[in-house]
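Asker: I'd like to ask you about the structure that follows.
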Amino acid sequence: MPTSSNLPLSRRYALVMAACTLPLVLLVAGLGLHQFHSRQASLLPYAVILAGLLVFLFVAHRMLLRAAIFQAVGGDVAEQRLARQALEASEQRYRSVVETQTEFVMRMLPNGHLTFVNEAYCRYCDMPREKLLDPAWCDLDQLAADERSRFLAHIARLTPENPVASIELKVERPNRGSTWAAWTDRGIFDDNGELVEIQSVGRDITEQKLARQALEASEQRYRSVVELQTEFVVRMSPEGHLSFVNDAYCRACRMTREQLLDPSWCELDVLPPDDRRRFVEHLGRLTPQSPNASIELFNAMPDGVSRWLAWNDHGIFDGDGRLIEVQSVGRDISDRVFAEQARLEAEKLSGEREAQFRAIAEGVPLPITISAIEGPEILFVNEPARKTLGIEVGQIGAEAVSTWESRARRDDLMRLLLRDGIVDAFEAGMTTMQGSRIDTLVSARLITRGGRPAMLAAVTDITRQREAEAEIARQRETLYQSEKLSALGSLLAGVAHELNNPLSVVIGYSSMLKEFSTDSATVGRADKIHAAAERCSRIVRTFLAMARKKPPTRGAVDINEVVVASLELAAYSLRSAGVEIRTELTELLPNIWGDRDQLHQVITNLVVNAQQALLQVPHPRRLTIVTTEEGDGVEVLVADNGPGMPETVRARAFEPFYTTKLAGEGTGVGLSVCQGIVTAHDGSIELDSTEGSGARFTIRLPSGKAETVLAPETAGKALPAPSAARILVVDDDADIASMIAEMLRRDGHDVTIADDANAALKAVRETGIDLLISDIRMPGLDGPGLYRALEQLRPGLTSRLLFVTGDTLAPEIDRFIGETGAPVIEKPLDPQTFRRLVMERLGAMETEA
């Protein structure tokens, strides 16, 4: 039954009031009945009793109500206190769990400000909790830019549907260097699905990361070591199927890695039946307690090559002790086996058996020798040794070791052989019977022959292998140098192009100043400016010609002009090196029919080579260039008083890739290219040099006759002076446009300037234009774009276009000029030439009209 303590408050109050009121009501009723039966007429006493009763009920009601309320309120407060204590206990348990965690626990806003961190994270950051929770602290500031970008992209992928994700982050700490932490993040979203906070649990994985990196580095080192080994490294199942082979084994088998690792390939198939049986028994003897064993096997490969291989095998077993794989390291011991066979035959057999030994030795394609340790004395040679090395039986002392390039190297081999009794792959240089040097690998065994200790040696010629390796290295260096030269040429071409516009302005205005000035001093100064600018212009054109990638073009070439241009190009380096230049250029030399740029390359290369050679001698340093007419050709002599060349260097001077310069100073292709160019021009180049007497290069080139060109009908006739024309000049360089306009206005033309192609199109729509002169390379709409726009707007005006440009290297410009046939004048502009071309263009248009 329920007690009064657990009855609802309203029921307890009603029961108390009923218990107090009912006796009083009964008392008043009894007194009233008694008075009524007693026939008393006054009711006042009862009224007083009733009033007192009501007052008593009111006071009791108030007191009981207050007690009930106090009890209810007191009960609620107690319940709240108990709830708060339970909550505090729960939070304390949660906090103790969180704070005792070794993992990091934190909460963070999306902008990087922290709202909670545990003690583990404070220790990880080496910072107090107050600083980490300070609004001025942003946890993202610890991340490098790329790591920060990764983290922001990571939290951007969190959604209410997929709120959990993991990430590894690298943090740079001033006191600890780089550290790594792995985080598992849970996004907390509001009702609108917006990320409002991130709760993260992390741990320090720096040691694991470093260990993993060290493991990867170790694996890489292991793999590189394995792949660089000359020994064979393989892994194989007991059934003979390979799971790993290194490059050395692939080369030995003359098969690709893919072929060897193919499931259809079985290593046991290359073993003869007896060797296969021996190998299976050999594997059966491997146990987890004794997993290592060695064996020598005879392999008969599918390509017909047979060899002896020595293997050191290591068995790999599973948990039940079953052999699951064999890791093997081996080497080709064919030379040793054959030599050992020869040694055994020599010891055991005589007479017929000696002949059999000789037959075996003679059948080996490698030179094999037996020499006594004492003496030394040659005791046996096979035919390859006799033909290749010129060794004969009976040679003794110095004659017996004359084939060795270095006696010290043979002594090293003997020390190893006497110590170990066996030496494989010993590298040594030897001299052949013809006197040439070869690189060899010597495999030697310490034997006894005729009761005397002797060395059995098998010699492998690896000269071609070494030459191939050296050639690969040379070609790699040549490719590197070629790429550097290509980049340098492009850079020089870019610089030359940037100089074109200002040079055009200088040349143009200095020319006009010379033409129109009446003051002789001013004319003289202008002439000097013009000459200097013209020199710069020639150098710029030379750079562009060197950098321009185009097929050789033949034409009439003045060799004296080529010499002058080459000297101008190298003038600074020659002057700074203190080289005195002497030139004797015969006038009125016949022209050469050839490629000007290629011939310029030949002369420039010889001049630069001479300048570099002259740096090795004291002053005076002289460079002499002489041109003369010899018979039906032209001869060019380039001579210096430098250190000259010894006969061994002079004999190889024109070999490709041969150089005596230090690494980085030359590629060894310059003189070879020069010889190729001169030969292609049906000429010759000779070198006369002795050590200490300088060098003289003589180039002989046949004089060429240009093909006769039929002159048009107007050839030889002076073009009539055109009347004043309306000319539109389009160039984004205001100085160039102003200079062209001024030159044309002095010739009486009406010139309009447009600073870009769109302004030019507007001018074409509004006014009549007789001739349009435009730059090709302009921002926005360029020259080709203007040409195509005019084809739509005024097709007839495209035949009245004249382009000027300082960039003829761009392939798209070459294609445009080739497709349209539009006339082009290259910058820097020569005023006289430019005005003449404009006059010819206008005259031709009037003639056509």
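Asker: Got a sec to turn the phi values of the stretch 410-423 into Karplus ³J(HN,Hα) couplings, 6.51 cos²θ - 1.76 cosθ + 1.60 with θ = phi - 60°, whole Hz, x for Gly and Pro?
Answerer: Values per residue, Gly and Pro as x: 5, 4, 4, 4, 5, 4, 5, 5, 5, 7, 9, x, 8, 9 Hz.
Asker: First check a/c for the stretch 726-848, with a ≥ b ≥ c the square roots of the eigenvalues of its C-alpha gyration tensor; if it is under 1.5, answer rounded, and if not, answer prolate when a/b is larger than b/c or oblate otherwise.
Answerer: Verdict is rounded for the stretch 726-848.
Asker: Now, a different point. What aspartates and glutamates could a cross-link reach from Lys827, if we take a straight Cα to Cα line under 15 Å and drop same-chain neighbours fewer than 8 places away?
Answerer: Glu498, Glu534, Asp731, Asp732, Asp733, Asp735, Asp775, Asp807
Asker: What aspartates and glutamates does Lys170 reach when the alpha-carbon gap must be under 15 Å and sequence neighbours fewer than 8 apart in one chain are set aside?
Answerer: Partners within reach: Asp139, Asp141, Asp146, Glu147, Asp204, Glu207.
Asker: Rounded to the nearest 20 debye, what is the charge dipole size of the stretch 749-849 about its Cα centre when +1 sits on each Lys and Arg Cβ and -1 on each Asp and Glu Cβ?
Answerer: Once rounded to the nearest 20, the dipole reads 120 debye.
Asker: Give me the extension gain from Arg173 to Glu296: residue separation times 0.36 nm, minus the current Cα-Cα distance, reported in nm with one decimal.
Answerer: Here the segment from Arg173 to Glu296 would lengthen by 38.5 nm.
Asker: Tell me, what HN-Hα J-couplings in whole Hz come from the Karplus equation 6.51 cos²θ - 1.76 cosθ + 1.60 at θ = phi - 60° for each residue of the stretch 108-117, using x for Gly and Pro?
Answerer: 9, 6, x, 8, x, 7, 8, 10, 7, 9
Asker: Considering only Cys125, Gly193, Phe151, whose Cα is most displaced toward the positive end of the charge dipole of the stretch 101-211, charges sitting on Cβ of Lys, Arg (+1) and Asp, Glu (-1)?
Answerer: Result: Cys125.
Asker: Which whole-number percent is the relative contact order of the stretch 101-211 (Cα, under 8 Å, 6+ apart)?
Answerer: Relative contact order for the stretch 101-211 comes out at 27 percent.
Asker: Let me ask something else about it. Which aspartates and glutamates have a Cα less than 16 Å from the Cα of Lys528, not counting those fewer than 8 places away in the same chain?
Answerer: Lys528 reaches Glu515, Asp519, Asp830.
Asker: Tabulate in residue order the Karplus-calculated ³J(HN,Hα) for the stretch 469-477, using 6.51 cos²θ - 1.76 cosθ + 1.60 with θ = phi - 60°, rounded to whole Hz; enter x for Gly and Pro.
Answerer: 4, 5, 5, 4, 5, 5, 5, 5, 5
Asker: Translational D (Stokes-Einstein, µm²/s) of the stretch 101-211 at 10 °C and 1.306 mPa s when Rh comes from the Kirkwood sum over C-alpha pairs?
Answerer: Value of D from the Cα-based Kirkwood radius: 110 µm²/s.
Asker: Ok, one more. Sort His241, His530 so that the residue with the fewest other Cβ atoms within 10 Å of its own Cβ comes first and the one with the most comes last.
Answerer: His241, His530
Asker: Let me ask something additional. I need the peptides 692-698, 281-287, 358-364 ranked by packing, meaning the mean over residues of other C-beta atoms within 10 angstrom, with the highest value on top.
Answerer: 692-698, 358-364, 281-287
Asker: Same structure, new question: Gln395's amide H: which non-local residues (gap 5+, or another chain) put their own amide H closer than 5 Å, with H modeled 1.01 Å from N in plane and none for Pro or chain starts?
Answerer: Distant-sequence amide H within range of Gln395: Ile378.
Every number here is computed from the coordinates shown, using simple stated rules; none is lab data. What you see is a predicted model; the values in this text were computed from it and never measured. FYI the Cβ positions are ideal-geometry reconstructions off the backbone, even for glycines, and counts take in every protein chain you see.
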